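Have a look at the structure below before the remarks.
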Amino acid sequence: MIKERMTPEELSRLTGYSRQTINKWVRKEGWKTSPRPGVQGGKARLVHVNEKVREFIRSACRTADEPQLPDIVAENNSLHSLLLTLANEMTPDEQKQLTTLMLREGISGLLQRLGIRDQN
């Protein structure tokens with residue numbers, strides 16, 4: 001789950017990269033941070049997870065050998081569940097673009113674009 005502010009440790013668990021790699025990205029990408037409340041010494045920081053950080057995390061996520069599927073897909077491998085899960089993983093802009101495409105093309109047009117249905 002992505003929160004508004006996260007520690008590098010939380011981001012590392014989310015992405016599969018090390019805490020050190022996350023801290024490197026914070027510096028390299030210029031992500032905004034703030035001191036972590038209750039921790040002295042100045043090194044403990046919270047990363048402000050804005051859209052730029054979210055997009056970077058989405059593109060950088062890596063998993064172990066097998067991709068981790070959300071529980072709903074693993075439990076019920078139906079097309080309906082899979083499509084809902086995929087839609088929930090998309091950004092609002094991606095959802096809007098897909099919705100526009102589906103409304104414009106309809107089922108036949110979408111299947112043709114995917115190479116599932118031949119042109120008649």
Requested in this report: Sort out which residues of the stretch 32-47 are within 22 Å of the chain's Cα centre (by Cα) and without any contact (Cβ under 8 Å) to a residue 24 or more places away in the chain, and write them in order of number.
Outcome: 32, 33
Requested in this report: Select from the stretch 25-50 the residues that are farther than 24 Å from residue 89 by Cα and assigned to a helix (DSSP H, G or I) and list them in ascending order.
Outcome: 27, 28
Query raised in the report: Quick one: how many residues across the stretch 51-80 are modelled with pLDDT under 70 and part of a helix (DSSP H, G or I)?
Result: 5
Query raised in the report: Say we look at the stretch 4-24 and pick out the residues that are within 12 Å of residue 49 (Cα to Cα) and assigned to a loop (DSSP other than H, G, I, E, B); which of these is least open to solvent (accessible area, probe 1.4 Å)?
Result: 7
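The values are calculated or read from the model by the stated rules, or taken from the named source; none is laboratory data. Quick caveat, the model's predicted, so the values are computed rather than measured. When we count neighbours, we look across all protein chains shown, and the Cβ atoms used for this are built from the backbone with ideal geometry, even at glycine. SASA here: full protein model, heavy atoms, side chains in, ligands and nucleic acids out. Shrake-Rupley method; radii C 1.70, N 1.55, O 1.52, S 1.80 Å.
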